Amino acid sequence: MKYLKTTLMLLCLALVAAGCGIYSFSGTSIRPDVHTITIEPVLNNAMKVNPSLANNLSEALKDKFKKLTSLEQVDMDGDLVLVVTVESYDVKAQGVAKDETPAQNRLTVTCKATFENIKHPEENFEKKSFAAYQDYDADLSLDEVEEALCDDIIETLVEDIFNASVAQW
């Protein structure tokens, strides 16, 4: 019976904390008067262009906000506005083998994000840089591994951008 009371008390406390609107169990700190978000299509300004990267990043950002927030996504004039631009898409050698050839290569994607909270401008940030990378065996061509690497990189970028904007980590 004591265990049941304790569990019930903890459950009630959790519901009160979630109901206040400032904190949620997804880790977001969206204020109760914020209801909508506009996520602009990601632009790709990188010198080397992966044709699907910008679209995949846009969709991943929309999915993340849809899954972890109750914000309605609108095409324009949201309470929150997120603009992301891919700035670079680079492959560089990472380690050297005994015969002085690269042992690994690193694909790095760098983005800049601007986040605007119309109702609470103190939470805004402009052109904040985010980067993610994945290493791969130099014996493989980028074409062979690019899709899987980009999926992992996009996941990292989305998590970082989400945390910086609505989780404010």
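The values are calculated or read from the model by the stated rules, or taken from the named source; none is laboratory data. Only a predicted model underlies this, so the values are computations on that prediction, with no experimental measurement involved. Note that each Cβ is placed from the backbone with ideal geometry, even for glycine, and that neighbours are counted across all protein chains shown.
Would you confirm, using the coordinates I've provided, whether residue 21 is of a type outside the set (Asp, Glu) and either at pLDDT below 95 or under 18 Å from residue 133 (Cα atoms) (or both)? So residue 21 fits the description; yes.
Among 127, 98, which is the only one that is among the charged types (D, E, K, R), over 16 Å from residue 38 (Cβ atoms) and assigned to a strand (DSSP E or B)? None of the others qualify; the one that does is 127. Across the range 28-83, the qualifying residues are those that are under 17 Å from residue 150 (Cβ atoms) and among the β-branched types (Val, Ile, Thr), and the one among them that is farthest from the chain's Cα centre (by Cα) is 49. For the range 115-161, filtering for residues that are in contact with a Leu (Cβ under 8 Å, 6 or more places away or on another chain) and in contact (Cβ under 8 Å) with a residue 60 or more places away in the chain leaves 7.
Taken together, the criteria place residue 134 among residues that are in contact with a helix residue (DSSP H, G or I) (Cβ under 6 Å, 6 or more places away or on another chain) and among the polar types (S, T, N, Q). The number of residues in the range 101-116 that are assigned to a strand (DSSP E or B) and more than 28 Å from the chain's Cα centre (by Cα) comes to 2. In the range 76-97, the residues that are without any contact (Cβ under 8 Å) to a residue 60 or more places away in the chain form Cβ pairs under 9 Å with partners that are β-branched (Val, Ile, Thr) and loosely packed, with under 14 Cβ neighbours inside 10 Å, at six or more places apart or across chains, as follows: 86/49; 89/49; 93/101. Residues of the range 118-130 that are farther than 17 Å from residue 56 by Cβ, within 17 Å of the chain's Cα centre (by Cα) and either buried (at least 17 other Cβ atoms within 10 Å of the Cβ) or not basic (Lys, Arg) (or both): 123, 124, 125, 126, 129. The set of residues in the range 67-90 that are of a type in the set (Asp, Glu) and either surrounded by fewer than 20 Cβ atoms within 10 Å (Cβ to Cβ) or touching a Gly at 6+ places or on another chain (Cβ under 8 Å) (or both) comprises 72, 75, 77, 87, 90. Checking each residue in the range 45-96 for being among the aromatic types (Phe, Trp, Tyr) and closer than 16 Å to residue 132 by Cβ picks out only 89.
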